[in-house]
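Enquirer: Got a structure for you, written out below as structure tokens; questions coming shortly.
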Amino acid sequence: MERMLKEEDQVLRFSRLNRGLHILMIISFISLSLTGMSLKFSYTSWAVILSHFFGGFEAAGSIHRFAAFVMICVFITHIGDLIRIKRKEAGTWKKLIFGKDSILFNKKDLEDFIGSLKWFLGKGERPEFGRWTYWEKFDYFAVFWGMFVIGSTGLTLWFPEFFTRFMPGWVLNVATIIHSDEALLATGFIFTIHFFNTHLRPEKFPMDIVIFTGRMPLEEFKIDRPQEYKELVEKGELENHLVEAYQPIVIRGIKVFGWTALSLGFFIIIWIIYAMIFSYR
Amino acid sequence: MLKKKNSKKLLRNLISRLVQGFHFYISIICGNFFSSIILLFLLFSFKTVAQDNSDCFGCHDDESLTGTRNGRTISVFVGEKKFTQFIHGQVPCIGCHVDLKDAEFPHEDDLKPATCNGCHQTEQEQHAKSLHGKALARGDNLAPTCKTCHGSHEILPADNPKSSVYPMKIPFLCGRCHQEGTKVQKQRTIHQDHIIENFSESIHGEGLLKKGLVVAPNCASCHTPHSILPHTDPASSIARKNIASTCTKCHVMIEEVHRKIIKGELWEKKSHILPACIDCHQPHKIRKVFYELGMANKDCMTCHQAESIKSSKDGHSLYVVINEYELSIHNKTACSQCHAEVNASSVRPCETIKQKVDCTSCHAEVGDEYKQSTHGMLAAKKDPNAPTCSECHGTHGTLGKKDPASPIFATNIPKLCASCHREGEQAAVRYKGQEHQIIESYTESIHGKGLMKSGLTVTATCTACHTAHRELPHTNEKSSVNAKNVAATCGTCHHGIQEKFEKSIHSSKISDSQNLPSCNDCHSAHKIKRADSEGFKLHIMDQCGRCHVEIAKTYFDTYHGKVSQLGYTKTAKCYDCHGAHDILSPSDPKSHLSRKNVLKTCQKCHEGATRKFAGYFTHATHHDPQKYPILFWTFWGMTGLLVGTFFIAGVHTLLWLPRSLKWRRELAKRIKDKENLVNKTDLSESKKENGKNA
């Protein structure tokens, strides 16, 4: 990206809180998937090695539960943040949800999706994306859905004695299947589709660090989010969003973290594929 | 009571008669009271008048006379004519039936047993101290009284051939109780068996019964007629200490004859050092003579103490280390007792020896066991690899199994067996079975460690399971390690476990199934580990899974199975729920998983578990739509969601990829164009722009 960057100006896209939450999300998600998959694929030698690496299944279980706790906190903080934004900026829920920059799907997303497909097939120009693209919105809601599905089943399995006071015992078996398969979907989706959409697609390759820095070079912004740029310029609010770039050392640190997370994700994907193909049962 | 009443009556008559005559004097000397006392003494010094036998026969000569004893009606006929012909014919009836003395006739029923005490006091005392007498005193209903052997009214003298205690009849008399099948032999502890048979075959029995030599010893000659005592009693005629004097009652000069074997020393005096008669001549089997002509060890050692002495046949050394022999367990057994074919009259007495030493001449029972074992069967076929007695026990230096220096001492046994059964050795090479590295495995097993490292001599050694002399392959039904017998073999030490196991569904006593596991199927034969070791705990699931294939698979689909598969034992394994040795079908009310017990079983780990909690499918699989439809459809629903999501997102991504590559190239081109543009524009203009952006 830096080779594209000639000007120092950058556009702020993510708040400090959201960046922090995403980092916590990465850490907890990878911890959860490593410890969880070691149990799901316990019949592979990888799983045995991994489980011992974490200090045994009990330690791995503790890590899994702690990470789950962190993730629930991230979720609650995010909801709290939404409420704060509603009060301070949007005013009403209606504005927040159906406003222009809302994360909810709207008519433009459908147009953009169809436009994208046309563009993929060479039958049109690249759609002019706004604040959020449709795939980003999909990712967001996929996490939202996953939080409920995996979270609720996970709690059931965490406290089976409590939940079977009012639910039959076979609920635990069902919860196990849902928890494990939904987790497989989540890890699989994040480490392939999400990774491609944000990092690996050729124009961002090998990594887009905007989620860590929260800022994007203006030139890149113009091309990536032309509609948002246009709107900001029209409203004359662009300058409010401009910030200075981070020091190179900070960028390097961010990249080390990013690479670590990416590599772990790839490792998990390779392991899952290996387990599914060569030793699935 | 009767006696007391009679004497009181008599007393009163006497007193009244005497008092009338002597009243005056007595009253002067002593007064009335003292007079009565003195008269009492006087009374006892008088002989009371006995009833005449004719009084008794007045009634008892009647053949139809009956009485009752213990509620039963019995004949009480005693023929007068006949009675008088027997040895006690002149003895008054009340001499034996003492309780009838002075009784009013007809006397009451239920008499006390007749007593012989009046005349035969010595014999009576001997009998009372004897085994028989003590048993009688204990109330043993099988114990013999005088009458049992001698009869009652028709007793004949012992030298009358018709007497039941005539020498030639004694074996039959004793045999009434002391032979196979009798109550005494079955219900009481008698250490010898086939006593009468053996005796009648023995030289004594033959003399007595076949040759009619009344001087030949009968049972009573050795055991005495009345002082019969066990050989463990020092007062017994057959106690080790006394046996020599018992035998020498007849064999007076036996020490002279035995000179060459026992150096002519007196057995009676040195019975604690010298072998007792019965050491060579087994009781009741006295026919078995081990050597016709004796040889003293000293005679053998004149040649065999030379280190250079060799066999003329194959040149093997015939040197005998006398020290070894003297320290051995056989140091009281003479050379010629084992090397039995020596001929003392030859110049070289051993030249007549043709057979190898036969240990079974003494160790007959062990020999029988050995013959049935694989070792023995091979030896019978003259297999060069077959171990004989000496292979394990040594030759002249044989030591007892309790001697730590002995090769058959517990801690030395594995080494001893290993000399043939270690990989590469003669027995291991021939072996075609599944067990390999036996010695190494055993050494690392819990038994091996207990024995070799902790020095626990009670730990199972090779012979504890395979027996010492009856080793057979496990395929043989008689083998101690045959599947049928394994539980009992292990149970000799692990008795509590055996009891539990035999009540479980795996026991042939409960289940009809053909393929039942025995101890070794789960614990292995030679690699037995501590049951609380991690390795064993994890291994056991594979062991259960060997038979319960499908159910084991489903276990590994659950959380419990997955955790244990990761190599951890702190989760429910087969035996945590089903029990280890007391496994029963879950439908059995006694099972750990029965409706009544299942919750308690869950609560072992899940303290707060409820009845509903126990409804968890511990062997659930999502591959069975019939048994677990909910799980089946949940799984396929989730799989559908997964596949659908990945399909749509995957297609989207794949379509995107080529376009994105193009887009990247276009962007690169745009930047290049812009750079060129920037380079061409005026420097001041670019400065202005920069300022505006900042």
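Quick note: the coordinates plus some simple rules give every number you see, no bench work behind them. From a predicted model like this one, the values you see are computed outputs, not experimental measurements. Reconstructed Cβ throughout: ideal geometry from the backbone, glycine too, with neighbour counts over all protein chains shown.
Enquirer: Using only Cα atoms, what Kirkwood radius does the protein assembly as shown have, in angstroms?
Expert: The Cα-based Kirkwood calculation yields 41.2 Å.
Enquirer: I want the local charge near B:S591. Using Cβ-Cβ distances under 15 Å, sum +1 for each Lys or Arg and -1 for each Asp or Glu among the other residues.
Expert: With Lys, Arg at +1 and Asp, Glu at -1, the neighbours total +4.
Enquirer: Also: Can you tell me the dipole magnitude for chain B around its Cα centre, using point charges on the Cβ only (Lys, Arg +1; Asp, Glu -1), in Debye to the nearest 20?
Expert: 2920 debye
Enquirer: Please list 3J(HN,Hα) in residue order for the range A:249-263, calculated via the Karplus relation 6.51 cos²θ - 1.76 cosθ + 1.60 where θ = phi - 60°; whole Hz, with x for glycine and proline.
Expert: Working through the residues one at a time gives 5, 5, 4, 5, x, 4, 5, 4, 4, x, 5, 4, 4, 4, 4 Hz.
Enquirer: Among residues other than B:L657 whose Cβ falls under 13 Å from its Cβ, what is the net charge (Lys/Arg +1, Asp/Glu -1)?
Expert: Counting the neighbours of B:L657, the net charge comes to +4.
Enquirer: Might you report the magnitude of the Cβ-based charge dipole of the range B:530-621 about its Cα centre, with Lys and Arg at +1 and Asp and Glu at -1, to the nearest 20 debye?
Expert: Result for the range B:530-621 is approximately 280 debye, rounded to the nearest 20.
Enquirer: When the chain is fully extended, how far beyond the present Cα-Cα distance does B:E365 get from B:Y319, taking 0.36 nm per residue of separation?
Expert: Extra length from B:E365 to B:Y319 when fully extended: 13.5 nm.
Enquirer: Additional query: Once Lys and Arg get +1 and Asp and Glu get -1 on their Cβ, which of B:Q282, B:G118, B:V76 lies farthest toward the positive end of the dipole of chain B?
Expert: Sorting the options by dipole projection puts first B:Q282.
Enquirer: Moving on. Could you list B:L136, A:L185 in order of exposure, starting from the residue whose Cβ has the fewest other Cβ atoms within 10 Å?
Expert: Taking fewest neighbouring Cβ atoms as first place, the list is B:L136, A:L185.
Enquirer: So, one more: Roughly speaking, what is the centre-to-centre gap between the range A:124-167 and the range B:327-368 when only Cα atoms are used, to the nearest Å?
Expert: 93 Å
Enquirer: Within 10 Å of each residue's Cβ, count the other Cβ atoms and sort B:S346, A:S102, B:S507 from fewest upward.
Expert: Ordered by Cβ neighbours within 10 Å, fewest first: B:S346, A:S102, B:S507.
Enquirer: Over 28 Å between Cα atoms, which of B:K310/B:K382; B:K570/B:K590; B:K186/B:K500; B:K382/B:K484 qualify?
Expert: B:K186/B:K500; B:K382/B:K484
Enquirer: How large is the helix-only mean residue ellipticity at 222 nm for chain B, computed as the sum of -39500 (n - 2.57) over DSSP H runs with n ≥ 4, divided by its residue count, in deg cm²/dmol to the nearest 500?
Expert: -12500 deg cm²/dmol, from helical runs alone.
Enquirer: Here is a follow-up. Taking amide H atoms as placed 1.01 Å from N in the peptide plane, list the residues 5 or more away in sequence, or in a different chain, whose amide H sits under 5 Å from that of B:K310.
Expert: Excluding prolines and chain starts, which carry no amide H, the hits are B:L318.
Enquirer: Now for a separate question. Can you tell me how much longer the chain between B:K112 and B:T224 gets when fully stretched, taken as 0.36 nm per residue apart minus their C-alpha distance, in nm with one decimal?
Expert: The span from B:K112 to B:T224 would gain 37.5 nm if fully extended.
Enquirer: Still on this structure: Arrange B:Y370, B:Y559, A:Y246 by Cβ neighbour counts within 10 Å, fewest through most, would you?
Expert: A:Y246, B:Y559, B:Y370
Enquirer: R0 = 35 Å: FRET efficiency of A:F267 with B:S511, Cβ-based, nearest 0.05?
Expert: Approximately 0.10, to the nearest 0.05.
Enquirer: Between B:T475 and B:I630, what is the label-to-label distance in nm when each label sits 7 Å out along the Cα-to-Cβ direction?
Expert: Simple spin-label model gives 5.2 nm for this pair.
Enquirer: Here's a follow-up. Quote the FRET efficiency, to the nearest 0.05, computed for B:V651 versus A:I76 with a Förster distance R0 of 35 Å and r equal to the Cβ-Cβ distance.
Expert: Calculated value: 0.50.
Enquirer: Let me ask something else. Between 0 and 90 degrees, rounded to the nearest ten: what's the tilt of helix A:16-40 against the longest Cα principal axis of chain A?
Expert: Relative to chain A, helix A:16-40 is tipped by roughly 30 degrees.
Enquirer: If you don't mind, another one. Considering only B:N198, B:A244, B:T148, whose Cα is most displaced toward the positive end of the charge dipole of the protein assembly as shown, charges sitting on Cβ of Lys, Arg (+1) and Asp, Glu (-1)?
Expert: Positive-end residue among those listed: B:T148.
Enquirer: Let me ask you something else. To one decimal place, what Kirkwood hydrodynamic radius in Å is obtained for the range A:10-278 from all pairs of distinct Cα atoms?
Expert: It is 20.8 Å.
Enquirer: Please identify every one of the GluC sites (Glu not before Pro) in the range A:177-281 that sits in a loop by DSSP and has no more than 12 other beta carbons within 10 Å of its own beta carbon.
Expert: Passing both the DSSP loop test and the Cβ count: A:E237, A:E244.
Enquirer: Please give the calculated 222 nm ellipticity per residue for chain A, where each DSSP H segment of at least 4 residues contributes -39500 (n - 2.57) and the sum is spread over every residue; nearest 500 deg cm²/dmol?
Expert: The helix contribution divided over chain A gives -21500 deg cm²/dmol.
Enquirer: Net charge near A:L17, counting Lys/Arg +1 and Asp/Glu -1 over other residues with Cβ under 10 Å of its Cβ?
Expert: That works out to +2.
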